[in-house]
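What follows is a short report on a single structure.
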């Protein structure tokens, strides 16, 4: 892949165009934020997806809505030379770039009453502003800029595939097959998640979740103490054992985050349970940690253990293809007058799924801000135009 200076618009011109569109970009972000879309409310997510679909139609995108049962629809919008049908032989051979994002949020309906979408202190505040409705609006604005610059007019121009899902915040249970199928057709994936500080993300940890259930024997704590088997005590031993598997040098962490058990203080507890979060930096550690969980045995023979769960997102490792994408982005950012760093993060995204397929994946290409999943969620307005121009430049100059 290389920069193609011929027949492409200068980055400074893209930046000027992004600044002219800043007000419209802000308005689109507000519209998406006001369309509250918690992952567990299909109707609300569908309404937000339709809002994005309407905007994509205005930009001459070829729209396909994947209707999902129990979760919001998945929007697939394709943007390319209009005289090249998607099912043509040439169309099948076109270079494709996947723009990957989601429109579901962690915020329940009604959150806007306590967290209004407002502009203050150089920030746009509100639920879902940073994670990641601003990134979706930036992508649609970048595509609009490419249309206006006539950079999606030739059969040689890459096809942009915008994929917006409605279940990312709950692990992408229904959208994952679509994500992986489309990613395999593409030469690069740009993930519209928020930046890490000011940096693009070239590595993410993989994630796993387990639930551990322990069954003991109930008994009266005063009358029949010796007849009981304490499930909480057994769970405590398990918690100590799995927690010791953490290896910070390898980027492997095991966190027992939620526990429960028992009924009353004067009853030997017959049941106890724990929920465990696992993060891995290396793909090879996934099968290893799964085997360790599977090998757990009770210390007390009168107790039984049952486990459910596993690794659900492989790590996004820093590979050569992703590094080349980042280096290209860094060069374009320099033309815009700022330094673009790279970062690794312990959080996961749908970019983990595409990177695991071997498709070069660059993440964190959305907005700059802070407070994702927190009450101070907000984006820094000053970075919207430069980051949108950079995204447009990456779409225009990728080869």
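The values are calculated or read from the model by the stated rules, or taken from the named source; none is laboratory data. All values derive from a computational prediction rather than experimental measurement. Cβ sites come from the backbone with ideal geometry, for glycine too, and all protein chains shown count toward neighbours.
In the set 389, 367, 385, which member is at pLDDT 95 or above, surrounded by fewer than 24 Cβ atoms within 10 Å (Cβ to Cβ), closer than 24 Å to residue 143 by Cα and in contact with a helix residue (DSSP H, G or I) (Cβ under 6 Å, 6 or more places away or on another chain)? From the options 389, 367, 385, the qualifying one is 385. Restricting 292, 279, 288 to those that are at pLDDT 95 or above and under 23 Å from the mean Cα position of the chain (by Cα) reduces the list to 279. Looking at the range 183-193 only, could you name the residues that are part of a helix (DSSP H, G or I) and touching a strand residue (DSSP E or B) at 6+ places or on another chain (Cβ under 7 Å)? Scanning the range 183-193 gives a single hit, 183. For the range 333-344, the count of residues that are touching a helix residue (DSSP H, G or I) at 6+ places or on another chain (Cβ under 7 Å), touching a residue at least 40 places away in the same chain (Cβ under 8 Å) and over 16 Å from residue 364 (Cβ atoms) is nonzero. Just one of (1) within 29 Å of residue 176 (Cβ to Cβ); (2) surrounded by fewer than 16 Cβ atoms within 10 Å (Cβ to Cβ); (3) in contact (Cβ under 8 Å) with a residue 60 or more places away in the chain; (4) in contact with a helix residue (DSSP H, G or I) (Cβ under 7 Å, 6 or more places away or on another chain) fails for residue 278. It is (2).
Rundown of residues vs (1) modelled with pLDDT under 95; (2) surrounded by fewer than 24 Cβ atoms within 10 Å (Cβ to Cβ); (3) out of contact with any strand residue (DSSP E or B) (no Cβ under 8 Å at 6 or more places or on another chain), yes/no style:
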position	(1), (2), (3)
168	no, no, no
172	no, no, no
181	no, yes, yes
196	no, yes, no
202	no, no, no
206	no, no, no
212	no, yes, no
215	no, yes, no
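Taking the listed residues 91, 110, 122, the one that is touching a strand residue (DSSP E or B) at 6+ places or on another chain (Cβ under 8 Å), modelled with pLDDT of 95 or more and in the same structural domain as residue 179 (by TED's automatic domain parsing) is 122, with no other qualifying. Look at residue 228 and say whether it is over 22 Å from residue 346 (Cα atoms) and in contact with a helix residue (DSSP H, G or I) (Cβ under 6 Å, 6 or more places away or on another chain). Here the answer is no, as residue 228 does not meet what is asked. If I go through the range 245-282 residue by residue, how many of them are under 21 Å from residue 204 (Cα atoms) and assigned to a strand (DSSP E or B)? Residues flagged as under 21 Å from residue 204 (Cα atoms) and assigned to a strand (DSSP E or B) within the range 245-282 amount to 12. Candidates in the range 132-162 are the residues that are part of a helix (DSSP H, G or I) and in contact with a strand residue (DSSP E or B) (Cβ under 7 Å, 6 or more places away or on another chain); of these, the one that is nearest to residue 349 (Cα to Cα) is 132.
Condition (residue is touching a residue at least 12 places away in the same chain (Cβ under 8 Å), farther than 27 Å from residue 213 by Cβ and surrounded by 15 or more Cβ atoms within 10 Å (Cβ to Cβ)) applied to the range 293-316: is it met by at least one residue?
Yes, because at least one residue in the range 293-316 is touching a residue at least 12 places away in the same chain (Cβ under 8 Å), farther than 27 Å from residue 213 by Cβ and surrounded by 15 or more Cβ atoms within 10 Å (Cβ to Cβ).
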